[in-house]
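To keep things clear, I will list the structure first and then write my remarks on it.
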Amino acid sequence: MVFCNPFEKKGNWYKGNLHIHTTNSDGRFAPEEICKLYKEEGYDFLAITDHNKITNVFEKPDDLLLIPSAEMGNERAHIVGIGMQEVFEQKGMNDQEIIDELVKQNALVIIAHPYWNALTASDLISLKNYIGIEIYNNVCHIAKGKGFSTVHFDEILQTGKEILGFASDDTHGKRALFGSFIMVKAEELTTKSIMEAIKLGCFYSSTGVLIDSLEIIESTIHISFSPALTIDFIGYGYMGRRDAAENKEIKEAEYRIKGTEKYLRIEITDKDNKKAWVNPIFL
């Protein structure tokens, strides 16, 4: 079993967003303003990912961590580099070459909004060296109804490729503010610590549902969360199970791992269609 359980990891919980735009590219808020807004909403860290630019912020809340990042891409894929050192000339580079250049800079590479970009699972399977994809993108959901890429996620996972799932706002204007977040378990609020935890998968993604605990005892998963209507345990093909509320909302569930699921991920949905996603457990 390969799984970084953030609920068993030592450290603190930090709330963040890894895809934000400002007036330094095509966003509506100045960098200083976006930092203030997200900090007031309870976020601990941000990656400002302006297009082909690493945005400097000269005035921000002291306790808000900013991770130098950018959204790159020449062809169909939009590629987010978290923890970049510098931007580079992309002319003539294909998607894989852009990913590889980001990896050389020790950046964490995430494929942004595949559904919105008309990327297929085959497109994503052909690429390598990225750590995950956006399984939810808030602005794509609000503007185009193409925010969810969980089918892409499952099709990739079913090939045996071990990747992570991210929720992000991709904020450009007011409508997309605060629509999603990741909760990271890290030792401290530093770029190094947060990036190490993300790379290991020690986080969960959410649009509003909060997870209280998750433990695996003798192949049985026990999970508790804020009130919800359904919880899906999703594995390879038909493997898995859905638990649904009947007379009242549910706040906990358990699942016995059979060993034939190949992978297992957890998706929780509440009465307002808010969700949370636990990263895959690879079996």
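The values are calculated or read from the model by the stated rules, or taken from the named source; none is laboratory data. Because the structure is a prediction, the values reported are computed rather than measured. Here Cβ is always computed from backbone atoms with ideal geometry, including for glycine, and neighbour counts include all displayed protein chains. Only protein heavy atoms, including side chains, enter the accessible area calculation; ligands, DNA and RNA are left aside. Shrake-Rupley method; radii C 1.70, N 1.55, O 1.52, S 1.80 Å.
Residues in region 208-219 that are open to solvent by 20 Å² or more (accessible area, probe 1.4 Å) and either modelled with pLDDT of 95 or more or touching a strand residue (DSSP E or B) at 6+ places or on another chain (Cβ under 7 Å) (or both): Gly208, Leu210, Asp212, Ser213, Glu215, Ile216, Ile217, Ser219.
Is at least one residue of region 249-257 open to solvent by 50 Å² or more (accessible area, probe 1.4 Å), modelled with pLDDT of 95 or more and among the aliphatic types (A, V, I, L, M)?
Applying the first criterion (open to solvent by 50 Å² or more (accessible area, probe 1.4 Å)) to region 249-257 yields 249, 251-252, 254, 256.
In the following step, the residues that additionally are modelled with pLDDT of 95 or more were identified as 249, 251-252, 254, 256.
After this cut, where a residue has to be among the aliphatic types (A, V, I, L, M) as well, the list is none.
No, that holds for no residue.
Within region 70-82, restricting attention to residues that are more than 15 Å from the chain's Cα centre (by Cα) and of a type in the set (Gly, Ala, Ser), the residue that is surrounded by the fewest Cβ atoms within 10 Å (Cβ to Cβ) is Gly73. So Arg175 passes all but one of these: (1) within 30 Å of Pro31 (Cβ to Cβ); (2) touching a Leu at 6+ places or on another chain (Cβ under 8 Å); (3) modelled with pLDDT under 95. Which condition number does it fail? Among (1) within 30 Å of Pro31 (Cβ to Cβ); (2) touching a Leu at 6+ places or on another chain (Cβ under 8 Å); (3) modelled with pLDDT under 95, Arg175 violates only (2). Of the numbered conditions (1) within 18 Å of Ile82 (Cα to Cα); (2) open to solvent by less than 60 Å² (accessible area, probe 1.4 Å), Asn56 satisfies every one except a single condition; which is it? The single condition Asn56 does not satisfy is (2). For first residues located in region 150-169 and in contact (Cβ under 8 Å) with a residue 12 or more places away in the chain, partners that are of a type in the set (A, V, I, L, M, F, W, C) and open to solvent by 50 Å² or more (accessible area, probe 1.4 Å) and lie 6+ apart or on another chain with Cβ distances below 6 Å form the pairs Ile156/Ile125; Thr159/Ile125.
Comparison of Tyr238, Tyr204 shows that the only residue that is surrounded by 22 or more Cβ atoms within 10 Å (Cβ to Cβ) and either aromatic (Phe, Trp, Tyr) or modelled with pLDDT under 95 (or both) is Tyr204. For the condition surrounded by fewer than 20 Cβ atoms within 10 Å (Cβ to Cβ), over 20 Å from the mean Cα position of the chain (by Cα) and within 23 Å of Phe153 (Cα to Cα), Asn94 qualifies. Annotation: of all residues in region 108-129 being within 13 Å of Ile156 (Cβ to Cβ) and among the small types (Gly, Ala, Ser), the one that is surrounded by the most Cβ atoms within 10 Å (Cβ to Cβ) is Ala121. In the condition set (1) part of a strand (DSSP E or B); (2) open to solvent by less than 10 Å² (accessible area, probe 1.4 Å), Pro227 is compliant with all but (2).
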